[in-house]
1. Go through the range 99-121 residue by residue and tally those that are within 19 Å of ASP72 (Cβ to Cβ), without any contact (Cβ under 8 Å) to a residue 24 or more places away in the chain and surrounded by fewer than 16 Cβ atoms within 10 Å (Cβ to Cβ).
2. So for the range 14-30 (the condition being part of a helix (DSSP H, G or I) and out of contact with any Asp or Glu (no Cβ under 9 Å at 6 or more places or on another chain)), does at least one residue qualify?
3. Would you mention how many residues in the range 73-97 are surrounded by fewer than 15 Cβ atoms within 10 Å (Cβ to Cβ), at pLDDT 75 or above and in contact with an Asp or Glu (Cβ under 9 Å, 6 or more places away or on another chain)?
4. Take ILE46 and decide whether it is open to solvent by less than 40 Å² (accessible area, probe 1.4 Å) and either in a loop (DSSP other than H, G, I, E, B) or in contact (Cβ under 8 Å) with a residue 24 or more places away in the chain (or both).
5. Under 8 Å between Cβ atoms, at least 6 apart or on separate chains: pull out the pairs that start in the range 124-150 with a residue that is farther than 16 Å from SER87 by Cα and end on any residue that is charged (D, E, K, R) and exposed (fewer than 10 other Cβ atoms within 10 Å of the Cβ).
6. Report whether or not ARG63 is more than 20 Å from SER145 (Cβ to Cβ), open to solvent by 40 Å² or more (accessible area, probe 1.4 Å), of a type in the set (D, E, K, R) and out of contact with any Lys or Arg (no Cβ under 7 Å at 6 or more places or on another chain).
Amino acid sequence: SLPLHSELARARHLAAGRQAHAVLLTCTEPPCPQQAAIIKRNLAGIGITVDVHLLSKPLLYARLFAGSSNWDITFLGWGIDFADFTSVLPALLDGRTIGSADNADWSGFDNRTFESRLDHAATVTGPRRGRVLTLLADSVARRQSPMIAYREDVAHDLVARRVGCRVYQPLIGMDLARLCLVTS
């Protein structure tokens, strides 16, 4: 990865002399307006004007998933359902799920070559499967994906010293049902 100043210089060079315009759809509740303001300011630095449309969440989702809405940028949260990172690509970028009830391919990404490589990865077992999916994720992220990961949530579970029986579950955090008080 290039240092940030190199990436910014490259972006400015690629945009030199051109004026671009993007439509950003986002929600009305914090931190959506604040994130939109940052995106608008940062993209203006490389010559991209951003029109921000703040919408209630029901209206936002209706517009995003209508398929015919005219928008360029949005941000949505998504988290894995279980501790298996190999489920991320099929969940978010498999175009064959578009239109189904459990579709999470909100970007509408539909690429036959990618899906064929995804099918191949599904036949690989053991630790090699993770490596195959990591290479596929890297390839699609660099060249094709309409999505970027821009943050990772961090949660802190704090308890007093007298609280024992602490069990941490990777997906849900502290297992509250197992906590107990330690008497000395």
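The values are calculated or read from the model by the stated rules, or taken from the named source; none is laboratory data. These numbers were taken from a predicted model, which means no experiment stands behind them. All Cβ positions, even for glycine, are placed from backbone atoms using ideal geometry, and neighbour counts span all protein chains on display. These accessible areas exclude ligands, DNA and RNA; they are computed on the full protein's heavy atoms, side chains included. Shrake-Rupley method; radii C 1.70, N 1.55, O 1.52, S 1.80 Å.
1. Residues meeting the conditions: 1.
2. Narrowing the range 14-30 to residues part of a helix (DSSP H, G or I): 14-15.
Then drop every residue that is not out of contact with any Asp or Glu (no Cβ under 9 Å at 6 or more places or on another chain), which leaves 14-15.
Checked against the condition, which is being part of a helix (DSSP H, G or I) and out of contact with any Asp or Glu (no Cβ under 9 Å at 6 or more places or on another chain), the range 14-30 yields at least one hit.
3. Of the residues in the range 73-97, 3 are surrounded by fewer than 15 Cβ atoms within 10 Å (Cβ to Cβ), at pLDDT 75 or above and in contact with an Asp or Glu (Cβ under 9 Å, 6 or more places away or on another chain).
4. Details: open to solvent by less than 40 Å² (accessible area, probe 1.4 Å): yes; either in a loop (DSSP other than H, G, I, E, B) or in contact (Cβ under 8 Å) with a residue 24 or more places away in the chain (or both): yes.
Answer is yes for this residue.
5. Close Cβ pairs (under 8 Å, with a partner that is charged (D, E, K, R) and exposed (fewer than 10 other Cβ atoms within 10 Å of the Cβ)) do not exist here.
6. yes
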